[in-house]
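Participant: Here it is, the structure, as structure tokens.
The values are calculated or read from the model by the stated rules, or taken from the named source; none is laboratory data. On a predicted model such as this, the values are computed, not experimentally measured, just so you know. Every residue, glycine among them, receives a Cβ derived from its backbone with ideal geometry; neighbour counts consider all protein chains shown.
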Amino acid sequence: MIFTGFKRKSNQNFFNKRIEELHNDLQVTNASLVRNALIFLDDFSEKGLILSEIREKLGLSENQIQFVIFQKKIDKKKLIPDVITVKDFGWYGNILSSEIKNLLTKEYDLLINYSKVENVFINLLILQCKTTFRVGLSHLDKRLYNLIVNCEIDDYKVFTSETQKYLRILNKIE
């Protein structure tokens, strides 16, 4: 549809205005340990692999980890938990989904973005999430993250290992 491009552009304009406000309102992160995490993915099939990596490396249990998976299109017959689409977003940064609104009201100690491509809708969520510490890959928008890990896009083991190393240095995990 022609309106999909307009919708994406309106959300990108909203993001560009809000990112400046985020930098003005940045607070020093506290030194508390990571008790829960919010993970962003763009491929549902990688959820199990990433979950096991995070449990092993960061010492978090499954109930301490919340996933958000962005899919461009989803089969209406299959109800997959934690999946969001473009239809969950309105114009100018509006979020239409009650599940996403509920997600944004919770506070998280750690946010990790495993997305392979830059996505304005995921960026909108990251911008509005209440998180203490944000980690992302080097090809993503660097203004959103406290820690940027430079590794291959598909190498989740290296990404998680490097994240563990720096979180340990920063006394975020034991």
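Participant: How many of the residues in the stretch 115-159 are of a type outside the set (Gly, Ala, Ser) and assigned to a loop (DSSP other than H, G, I, E, B)?
Facilitator: Residues that pass the stated criteria total 16.
Participant: Continuing with this model, one more query. List pairs: first in the stretch 94-115 and without any contact (Cβ under 8 Å) to a residue 40 or more places away in the chain, second assigned to a strand (DSSP E or B), Cβ under 7 Å, 6+ apart or cross-chain?
Facilitator: Ile95/Phe89; Leu96/Phe89; Ser97/Ile84; Ile100/Ile84; Lys101/Ile95; Glu107/Lys130
Participant: Could we say that Lys130 is surrounded by fewer than 19 Cβ atoms within 10 Å (Cβ to Cβ) and in contact with a strand residue (DSSP E or B) (Cβ under 6 Å, 6 or more places away or on another chain) here?
Facilitator: Taking the combined requirement at face value, the residue satisfies it.
Participant: Would it be correct to say that Ile112 is in a helix (DSSP H, G or I), among the β-branched types (Val, Ile, Thr), at pLDDT 85 or above and crowded, with 19+ Cβ neighbours inside 10 Å?
Facilitator: Criteria not met by Ile112.
Participant: In the stretch 133-154, how many residues are at pLDDT below 90 and either under 18 Å from Leu51 (Cα atoms) or touching a His at 6+ places or on another chain (Cβ under 8 Å) (or both)?
Facilitator: Total meeting the criteria: 3.
Participant: Which one of these does Glu46 not meet: (1) under 20 Å from Ile84 (Cα atoms); (2) crowded, with 17+ Cβ neighbours inside 10 Å; (3) at pLDDT 75 or above?
Facilitator: Only one criterion is unmet by Glu46, namely (2).
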